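Colleague: Submitted below is the structure of interest, expressed as structure tokens.
Read-outs: derived from the displayed coordinates by stated rules, not from any lab. Keep in mind the model is a prediction, meaning the values are calculated, not measured. Don't worry about glycine lacking a Cβ; one is built from the backbone with ideal geometry, like all the others, and counts go over all protein chains shown.
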Amino acid sequence: MKRLGGLVACLVALPCAAGAQTSSVAPQGVTTDEPEDLTEPAKPIEASRPPLRPAILFNRWQEDWSILADPAQRTEPLDRLKYIPLSGTDPGTYLSLGGGLRERFEANDAPSFGTNPANPADSYLISRLELHADLRTGPIQTFVQFQSDFAPGKRVRGPVDSDRLDLEQAFVALVEPLGSGTIKVRAGRQQFAFDLQRFVAARDGPNVRQSFDAVWGDYEIGRWRFIGYYSRPVANRDVEAFDDRSSRHNLFYGARVERHVLGGNELSAYWSRFSNDDASYLTVKGAERRDVWDVRFAGKRRALDWDIEGMAQTGHVGAQRVRAWAFGSLFGYTFAARLLAPRIGLQIDGASGDRHPSDGTLGTFNPLFPNGYYVTLSGYTGYVNFLHIKPSLTVHPSKRLSVMGATGLQWRMTTADAVYTQPTTPVARTAGTGSRWTGLYGQFRADWRMTGHWSSALEAVHFAVGRTIRDAGGHDGNYLGVEIKYGW
């Protein structure tokens, strides 16, 4: 705690810089502070001063500080570190430094709904410090980012909770015109995500984000974008500094195509292969080779917005073949001209479970690299063997404050498979017993962009469990999260 206090005091003392990394409800009503797609240049969350000055973005390597080559734009004391010129004649050759700090207090009185004595009720702080350097030399970018993550007071720590000091990202990127389009290539340790990050996410909810040792390339031409990627997911360790590693035994690679249709609406599809040489499910263990087929259509027309995604999975785990599926959908209608600009939302999601444990076919859906924010931060719900219906109401008391209230109803797709919590943890003694009804939860979330640098969020969840979880020794759960972030 002494270290955290010192870090906070140090960052508070920094003079103001441009923009902020903020926490907000996504446009479609998802409780997340992650952008829809980390592969795209993200839009600034709010206008900066002066108008041409860059804002600090969620994905820091997307920031372009070359505007500070003009001395008139250097309005903040630390601009000498945001833009360090390396050439007297080329304003696009420079070094930029930056960082961010996130502190969140969490209290959860029912991890795994209280069914696991080894994971008791707990309250704790999670702390994330990130520092980066961004070198631009013409069309070539070299980006390095370090992370230091701690979870003081947490009784049971997993690999996503703490990582004392490690390399979060380190890659070289090239952007060049090619024909009538633009080709972009990145090689090295990096983070990427798709769409609302239901299944491929940067995992910003927990303390340690998901990185990949990867080669990424895309070609953009007109309304089209073609993407190819080959990666090894990075496994987080916390034994000593700089000990995170990826392995050839765990691969994720594929191809994706995107096209803007009917104006700015987006239609996309991708195929991926997920490989894990040491997979473990309730009914089978062994080498996993899972093919992923995904289609998504998202957009907005007047007051209506939508995001619909479907995924099928084939392949095998050990001797069992894989036949699994999932879908996610969000719909919203915003009364922009009314007081508080209310948005009425409806979220409907589903994912398959294993219906017949002994038939040689595994129906349990693998959510791959899920976004913990997508349902709630509490971790009570995994994107496996579930049906989820969630009506919501979001209001905006001010331009900087959004407040959301929601109710979620959950069932299992099949009682032959277990109830799952985040990310893919089966609740003990629920597989093959009880009813499909899982439970009902209420959620409250508020996001406040306090200044250009500071943001905060509060989330509270109460989950009323059904009889199946009660019979398994579980009970209702309560979660509270209070977060504050600073970005420079």
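Colleague: Roughly speaking, what is the centre-to-centre gap between segment 264-329 and segment 423-477 when only Cα atoms are used, to the nearest Å?
Modeller: 23
Colleague: Which length gain, in nm to one decimal place, applies between I84 and V215 when the Cα-Cα distance is subtracted from 0.36 nm times their residue separation? Could the numbers behind the result be given before it?
Modeller: Details: separation 131, 0.36 × 131 = 47.16 nm, distance 2.82 nm.
Length gained, I84 through V215: 44.3 nm.
Colleague: Taking Cα atoms of the chain, Rg/Rh with Kirkwood Rh, to two decimals?
Modeller: Numbers: Rg = 22.5 Å, Rh = 23.5 Å.
For the chain, the value is 0.95.
Colleague: What is the distance in Å between the Cα centres of segment 162-229 and segment 337-412?
Modeller: 25
Colleague: Note the full-extension length gain between L167 and F444 as 0.36 nm times their separation in residues minus their Cα-Cα distance, in nm to one decimal.
Modeller: Length gained, L167 through F444: 96.3 nm.
Colleague: Measure off 7 Å from each Cα along the Cα-to-Cβ vector at N265 and L409, then give the distance between these two points in nanometres to one decimal.
Modeller: Each label point lies 7 Å from its Cα, and together they span 2.8 nm.
Colleague: Given q = 0.19, 0.21, 0.22, 0.27 Å⁻¹, what are the Debye log10 I(q)/I(0) values for segment 306-367, with equal point scatterers placed on the Cα positions and solvent ignored?
Modeller: Those come out to -0.72, -0.80, -0.84, -1.03, one per q.
Colleague: Here is a follow-up. In whole percent, what relative contact order does the chain give with Cα contacts below 8 Å and a gap of six or more residues? Write out the running numbers ahead of the final one.
Modeller: Values: 1368 pairs, mean separation 67.7, N = 488.
Rounded, it is 14 percent for the chain.
Colleague: OK, next. Using label points projected 7 Å from each Cα along Cα→Cβ, tell me how many nm separate F331 and L393, to one decimal.
Modeller: Modelled inter-label distance: 1.9 nm.
Colleague: Shifting gears a bit: Quick one: of K154/K485; K300/K399; K285/K485; K184/K399; K154/K399, which pairs are farther than 29 Å apart, Cα to Cα?
Modeller: Values: K154/K485 20 Å; K300/K399 20 Å; K285/K485 41 Å; K184/K399 35 Å; K154/K399 35 Å.
Violating the 29 Å Cα-Cα cut-off are K285/K485; K184/K399; K154/K399.
Colleague: Distances longer than 16 Å among the Cα atoms of segment 56-119: what percent of all pairs is that? It would help to have the intermediate numbers written out before the result.
Modeller: Values: 1234 of 2016 pairs.
In whole percent, the long-distance tail amounts to 61.
Colleague: Report, in degrees rounded to the nearest 10, the 0 to 90 angle that the Cα long axis of helix 2-12 makes with the longest principal axis of the chain.
Modeller: 50
Colleague: Ignoring everything except DSSP H segments at least 4 long, calculate the 222 nm mean residue ellipticity for the chain; use -39,500 (n - 2.57) per segment, divide by total residues, nearest 500.
Modeller: -1000 deg cm²/dmol
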